[in-house]
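Participant: A single structure is presented below for examination.
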Amino acid sequence: MVGKFKDETGGKKITEFVGLRPKMYSFTVHNDKKTHVRAKGIATATSKKLRHQDYLKQLNLPEENKLANRRIGCKLHKVHSLEVQKRGLCAFDDKRFLLDDGMFLFVFSTFIYISFNFLIKIFFK
């Protein structure tokens, strides 16, 4: 149903959740040794090597890290094996930032929209 969350745990209780960015999170389930990791933009083979402890470390001590994404590509009808260094786990969200109270977020697109409307009202009275 639209607007509802899906149950990724099958009704089991989540004991710990770490959300770094939208679509980049990890959680542990009660009485389950397996950690559940989601990392959009990172190759599946690379994201399988990530653990819940990596997410916790990135949340507590943010630093930019690079992960190797390996893929097969084709250029001018010649097949190549490519390795690209992509930004891996990152707690920095470049589309919004946390306000001084540590509780609320400010979205840049909202600021741009409000500023644009303000300028229109000033110049086109």
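The values are calculated or read from the model by the stated rules, or taken from the named source; none is laboratory data. Not measured: the values here are computed from a predicted model. Note that we place each Cβ from the backbone using ideal geometry, even for glycine, and neighbour counts take in every protein chain shown.
Participant: If you take the residues in segment 6-36 that are of a type in the set (D, E, K, R) and assigned to a strand (DSSP E or B), which one is farthest from residue 87 (Cα to Cα)?
Facilitator: Applying the first criterion (of a type in the set (D, E, K, R)) to segment 6-36 yields 6-8, 12-13, 16, 21, 23, 32-34.
Subset that is assigned to a strand (DSSP E or B): 16, 21.
Details: 16: 24, 21: 13 Å.
Out of the qualifying residues, it is 16.
Participant: Contact list please: Cβ distance under 9 Å, first residue in segment 6-20 and small (Gly, Ala, Ser), second residue surrounded by 12 or more Cβ atoms within 10 Å (Cβ to Cβ), pairs at least six apart or on different chains.
Facilitator: Here the result reads 10/29; 19/25; 19/26; 19/27; 19/55; 19/59, each pair linking segment 6-20 to a residue that is surrounded by 12 or more Cβ atoms within 10 Å (Cβ to Cβ).
Participant: Return yes or no: is residue 55 of a type in the set (Phe, Trp, Tyr), closer than 25 Å to residue 83 by Cβ, surrounded by 15 or more Cβ atoms within 10 Å (Cβ to Cβ) and assigned by TED's automatic domain parsing to the domain that holds residue 83?
Facilitator: Details: of a type in the set (Phe, Trp, Tyr): yes; closer than 25 Å to residue 83 by Cβ: yes; surrounded by 15 or more Cβ atoms within 10 Å (Cβ to Cβ): yes; assigned by TED's automatic domain parsing to the domain that holds residue 83: yes.
Against the criterion (of a type in the set (Phe, Trp, Tyr), closer than 25 Å to residue 83 by Cβ, surrounded by 15 or more Cβ atoms within 10 Å (Cβ to Cβ) and assigned by TED's automatic domain parsing to the domain that holds residue 83), residue 55 qualifies.
Participant: Mind checking which residues of segment 72-88 are in a strand (DSSP E or B) and among the aliphatic types (A, V, I, L, M)? Before the answer, list the steps.
Facilitator: Filtering segment 72-88 for residues in a strand (DSSP E or B) gives 72-75, 78-87.
Passing the criteria: 72, 79, 82, 84.
Participant: Within segment 43-89, track down each residue that is within 17 Å of residue 27 (Cβ to Cβ) and among the aliphatic types (A, V, I, L, M). If you could, list the steps in order and put the result at the bottom.
Facilitator: In the first step, residues of segment 43-89 are kept if they are within 17 Å of residue 27 (Cβ to Cβ); the result is 47-48, 50-60, 89.
Those that are within 17 Å of residue 27 (Cβ to Cβ) and among the aliphatic types (A, V, I, L, M): 50, 56, 59, 89.
Participant: Under the condition of being modelled with pLDDT under 85 and hydrophobic (A, V, I, L, M, F, W, C), which residue from segment 21-54 is farthest from residue 66 (Cα to Cα)?
Facilitator: Ranking the qualifying residues of segment 21-54, first place goes to 45.
Participant: Across segment 37-50, what is the number of residues that are free of Cβ contacts under 8 Å to residues at least 40 places away in the same chain and either in a strand (DSSP E or B) or not assigned by TED's automatic domain parsing to the domain that holds residue 20 (or both)?
Facilitator: 2
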